[in-house]
Ligand code: SF4
Ligand code: SF4
């Protein structure tokens, strides 16, 4: 374990504890005394499935390029986080299994194949995918800088969050291309550390609040009988 | 004076602090500033200014929250774009939260995240109410309701005179000298409520519902003390006032032995009474509530009234009131009724829970300060109506009727606006 591992672990713990604190505040729902017309569970299911499709949201179908870029960007973020955690746990992650990796000698492997070609292709796939998602992040950033309405709405945190997440994805992609380089993984770990320390401070917190917002939305329309999975008109 | 304002600001901040439950915390933290909600809001569509974007309205309140309730906001206020609760912020809040939002909720389902935007707007209005900064015109409407029992300050005698005159009219209409509009009758099944605009300006809509009740042999009464279904205290963020108005109607139903309150054709009144009222009273009602639309649909389904759809041959469309439809779940009933009463029906586009507000909701009709804006955003509805080619627009809300009448004149639509009860009565 290097100092970069420890810094990243500390940042992750800080981020997790902060998220947990907010999450706990969201559990107790205010009591609603009104008699239901529909079902909360049905509304929440609808809210988290069909209602998120581009066919149902103007924010998606009226702004399709931004919506698609946003979806790819978010998939890229989650993928990068998963890859980062795997690299933190398994020292030789994404290197092919050569038989030298023995448990107990301070190294560990995320063993999925000893086939060099397969591993190289897989790394290449992740590298290209993350490069594309990073580009989506750059596109969103450019839109924020140039679109009049969006600029008026944005604060420093909006820009910083976008920049940090995009850089994080870029470093993730670079590690996939050059896993043997001495600087790529430490750079990714530093970027991850910055990201996880920053996350609780600004809008990146929406990772927690998004879920709660979808629940609240579904509960509201579900209870009032507006949203239902059974409604054919939806 | 300065000290007084400082105290009032503190009161508003304390109010925000005391209302931070899971729902509000979520709404104040979840906007990601993607800016994709502008195209769902009539104000932004019609007026094309950034301050009218739903997210900009949310940000006014969320920025205050971030300033006083988050670590980053307290230590690095610029970083997350926080707002001090100062005069500049307050002016913006009054102008956009009161003057540029009908609290229609159209933006909510279309938001990328699902932020409850009108809920945040209402929270901002509540903070302004704590500071005594509610626009005068709508505050006087609330005061009238609290002081006289109805928002138009109609005297009891005037109300009785109107109903007596309508009673004669009903007897003539149904050709029965025993037909009556019951006032303060005990032992009835239902208490009917009206929008005070009806006795004041649209008495024929009371005649219409009375005719339907007569033919359906309903057991009902009007109360001469408390009959007002509207609740503008809800829109100004005065929870205590809203509770008082709600409780009066519940008590009135109990007084006359009615087990059900019929929520007259008023979108926000129905919403306030049906969905918000129990929470203001912090208990389940001892009586049931049903909207007039649901009741009339039930009459037709049960065969208690038999409309003749050949009587109305003009092309008819429906305007869906936001508070009744998107925020109240009464969606298909009005379609069922109109299809049973009219031979030619066409949907507006978009419709149902996706419909655009008429522009008069959220108390806009009661805020003369913003009349010009109200008429400008009404163009969206005018265009929607014109595109249908309809001659009659039916809407189960008297506020919407008023706004639709205004845009009918302003945009020269040449349509007739009717309530659901009126269209049913016409078909009987
Ligand atoms: S509630 Fe209606 S008027 Fe208010 S911001 Fe949303 S869409 Fe616009
Ligand atoms: S669409 Fe929703 S999340 Fe995006 S800016 Fe508007 S309110 Fe915020």
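For every residue, the table says whether it meets (1) under 25 Å from the mean Cα position of the chain (by Cα); (2) closer than 15 Å to residue A:226 by Cα; (3) within 12 Å of chain B (Cβ to nearest Cβ); (4) modelled with pLDDT of 95 or more.
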position	(1), (2), (3), (4)
A:8	yes, no, no, yes
A:11	yes, no, no, yes
A:30	no, no, yes, no
A:41	no, yes, no, yes
A:45	yes, yes, no, yes
Problem set entry | Conditions (1) within 11 Å of ligand 2 (Cβ to nearest atom); (2) in contact (Cβ under 8 Å) with a residue 40 or more places away in the chain; (3) buried (at least 24 other Cβ atoms within 10 Å of the Cβ); number of the one not met by residue B:53 | (2)
For this session: Would you point out the residue of region A:144-159, among those that are more than 7 Å from every other protein chain (Cβ to nearest Cβ) and within 21 Å of the chain's Cα centre (by Cα), that is nearest to residue B:79 (Cα to Cα)?
Result: A:159
For this session: Determine which single condition residue B:301 fails, assuming it passes every other condition in (1) under 30 Å from residue B:107 (Cα atoms); (2) part of a helix (DSSP H, G or I).
Result: (1)
Problem set entry | Test for residue B:142: is it outside the structural domain of residue B:60 (by TED's automatic domain parsing) and in contact (Cβ under 8 Å) with a residue 60 or more places away in the chain | yes
Exercise. Condition test on residue B:34, is it surrounded by 19 or more Cβ atoms within 10 Å (Cβ to Cβ) and not in a helix (DSSP H, G or I)?
Worked result: yes
Exercise. Among the helices (runs of 4 or more DSSP H) confined wholly to region B:42-103, which include 2 or more residues that are within 11 Å of ligand 1 (Cβ to nearest atom) and within 12 Å of chain A (Cβ to nearest Cβ)?
Worked result: B:42-47, B:54-69
Exercise. For region B:36-50, does any single residue satisfy the condition of being more than 16 Å from ligand 2 (Cβ to nearest atom) and in contact (Cβ under 8 Å) with a residue 12 or more places away in the chain?
Worked result: yes
Seminar exercise, completed: Restricting attention to region B:265-284, the residues that are more than 8 Å from chain A (Cβ to nearest Cβ) and either crowded, with 23+ Cβ neighbours inside 10 Å or part of a loop (DSSP other than H, G, I, E, B) (or both) number exactly 9
Exercise. Within region B:331-349, is there a residue that is within 13 Å of ligand 1 (Cβ to nearest atom), at pLDDT 95 or above, out of contact with any strand residue (DSSP E or B) (no Cβ under 6 Å at 6 or more places or on another chain) and farther than 19 Å from residue B:313 by Cβ?
Worked result: no
Exercise. Looking at region B:245-252, is at least one residue out of contact with any helix residue (DSSP H, G or I) (no Cβ under 9 Å at 6 or more places or on another chain) and at positive phi?
Worked result: no
Problem set entry | Selected residue (only one of B:141, B:123 is away from ligand 1 (no atom under 16 Å from the Cβ) and part of a helix (DSSP H, G or I)) | B:141
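The values are calculated or read from the model by the stated rules, or taken from the named source; none is laboratory data. Everything numeric in this text was worked out from a predicted model, so none of it was measured. All Cβ positions, even for glycine, are placed from backbone atoms using ideal geometry, and neighbour counts span all protein chains on display.
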